[in-house]
1. Quick one: in the stretch B:178-202, which of the residues that are of a type in the set (K, R) and in contact with a strand residue (DSSP E or B) (Cβ under 9 Å, 6 or more places away or on another chain) is farthest from B:I123 (Cα to Cα)?
2. For the stretch A:38-56, what are the residues that are under 16 Å from A:A88 (Cβ atoms) and of a type in the set (D, E)?
3. Checking A:A31 against (1) more than 19 Å from the chain's Cα centre (by Cα); (2) modelled with pLDDT under 95, only one condition comes out false. Which one?
4. Out of the stretch B:71-100, which residues are closer than 11 Å to B:V120 by Cβ, without any contact (Cβ under 8 Å) to a residue 40 or more places away in the chain and touching a strand residue (DSSP E or B) at 6+ places or on another chain (Cβ under 8 Å)?
5. Return yes or no: is B:I152 of a type in the set (V, I, T) and under 11 Å from B:G184 (Cα atoms)?
6. Looking only at residues in the stretch B:207-258 that are among the hydroxyl-bearing types (S, T, Y) and closer than 20 Å to B:I156 by Cα, which one is nearest to the other protein chains (Cβ to nearest Cβ)?
7. Which one of these does A:Q280 not meet: (1) within 11 Å of chain B (Cβ to nearest Cβ); (2) modelled with pLDDT of 95 or more?
8. Please go through the stretch B:239-256 and give me each residue that is out of contact with any Phe, Trp or Tyr (no Cβ under 9 Å at 6 or more places or on another chain) and buried (at least 17 other Cβ atoms within 10 Å of the Cβ), ordered by number.
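The values are calculated or read from the model by the stated rules, or taken from the named source; none is laboratory data. Since this is a predicted model, take the numbers as computed values, not measurements. Cβ placement follows ideal geometry from the backbone for every residue including glycine, while neighbour counts extend to all protein chains displayed.
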2 protein chains.
Amino acid sequence: MHQTLYIIYIMKLRTLFFSLLLMLQGTMLWAQDAFHLGMAGYTFVKFDIDKTLAFMKKIDVHYLCIKDFHLPIDANAEQIAQFKEKLAAHDVIGYAVGPIYMKDVEAVDKAFAYAQRVGVDLIVGVPGVWGDKGPRYDVLDRVEQKVKETGIRYAIHLHGPDMPLYPDATSIWNDVKDRDPRLGICLDIGHDLRAGSDPIKDLKRYGKRVFDIHLKDVTEGTKAGHAIELGRGAIDFPKFVKMLRKVGYKGSLSLEYEKDMTDPFIGIAESVGYFKSIQQNTH
Amino acid sequence: MHQTLYIIYIMKLRTLFFSLLLMLQGTMLWAQDAFHLGMAGYTFVKFDIDKTLAFMKKIDVHYLCIKDFHLPIDANAEQIAQFKEKLAAHDVIGYAVGPIYMKDVEAVDKAFAYAQRVGVDLIVGVPGVWGDKGPRYDVLDRVEQKVKETGIRYAIHLHGPDMPLYPDATSIWNDVKDRDPRLGICLDIGHDLRAGSDPIKDLKRYGKRVFDIHLKDVTEGTKAGHAIELGRGAIDFPKFVKMLRKVGYKGSLSLEYEKDMTDPFIGIAESVGYFKSIQQNTH
């Protein structure tokens, strides 16, 4: 009898040991990368937050950059609390807000107040509006002032060759390099490539000022290049992921999927599978 | 004027040259692997062939193992012609039929006649029916006879620990190794693992007799293991793909996705993205 109990005891110890080992392995796999996959809220411009979150649960992605069509810029404390409860119920962290276009200093103040109420430390923004021939520097000056005041970082979004307002990472770098170090870049790797730049080299060059990344693939590195599922286009993702590790990137890689915005789910899922595989298998 | 024409001519030549180069590159990328991704028709048991093909186009997968619920075993020449036209319109090749359960010799004859009418050189089959305690050897004998008669290969499907009728690759190998070399295995890597076997070692051991593969991932290598998106489970896909190359596998890797059969599309797309990434990035 005692011997039987002893054997059961040993077996339980062994089970415990292997469970611990599995847990450790799991933790190590995830712990290896300081960055994480996320979704750019803009991807879901045609869908409400419930559909968005249900889908994110399905594809096992847990970081969202919050767009104003899901949570309005003038949302009050109660609306924000309800919104964040929904996110939490789906294991999703709203890690930033934006992109927010800022036409004047009032818009800057509103955006920073919004970010404070939401409780994020990062705004993805543009000091200007669609159609501008270049940045609005009075707006950018106010952004810098608010960054210093609030401690919230500000990542300027780049748009590729479609508009002259920050087409690539270098154009942003030139405008932030001599400003507060909490002003930086949201590196849209697809648009950067379409603008004729090399997003992997830009990540290396401007690494410390890259606060957010829009993950996407495009068919070619010209203005004619258009959005496509990750892995089907021109970007070398293994090389890109290795560079993320090299520069010690710690932020989100938020998929902004613009191929088929009225029915993007299949393409997003393929892209997520593609990226997770690269992340797992390039160590 | 002549000089301008000359420059245009040179530019066109350059364009032609780069187009040819791109085509070559594309061909080489695909030509590197003799195997190809496909879909096991069973994945779409809840959907008709139109929905199936529209989805396959979206995920850019071009090989289908035809199941009887999409094309009945007694389909006549006209029905088969219409079915194959549909496939061709979606750039899909029906590379095999099955899995087909065969309860007796008549069922064997029917299945081979069906495969001949469809024009495929491979049947995925089972010499027996669900609930059997083991293979029906009179059926298997007739299969071998028909293989010799028609030249059509026969890959026996394995089922894991859920049924004693061919739980793993070894149980099939033992029954085919001394028979006609056109009798072989449809290696279901998930069920093989769940049966306590190692599908990668089995691929190495039985490589020449593996005619078809059911691609899937499972949560663990026990009977309790269940289907999950590729890359989220227990199978080491980079190692598996390297072994496919090592043994010179030339067939299809057909995704049999059984996690959520009433709404499998998101999970399939994630799995396809995951697998394409492995295939691209393990050379």
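1. By that ranking, first place goes to B:R194.
2. Result: A:D50, single match.
3. Against the list (1) more than 19 Å from the chain's Cα centre (by Cα); (2) modelled with pLDDT under 95, A:A31 comes up short only on (1).
4. B:K84, B:I93, B:G94, B:V97
5. Values: of a type in the set (V, I, T): yes; under 11 Å from B:G184 (Cα atoms): no.
Considered against the rule, which asks whether it is of a type in the set (V, I, T) and under 11 Å from B:G184 (Cα atoms), B:I152 comes out as no.
6. Here is the first cut: in the stretch B:207-258, the ones among the hydroxyl-bearing types (S, T, Y) are B:219, B:222, B:249, B:252, B:254, B:257.
Next, from what is left, pick out any that are closer than 20 Å to B:I156 by Cα: B:249, B:252, B:254, B:257.
Values: B:Y249: 20, B:S252: 19, B:S254: 17, B:Y257: 12 Å.
Here the answer is B:Y257.
7. Among (1) within 11 Å of chain B (Cβ to nearest Cβ); (2) modelled with pLDDT of 95 or more, A:Q280 violates only (2).
8. Within the stretch B:239-256, B:F240 is the sole residue that qualifies.
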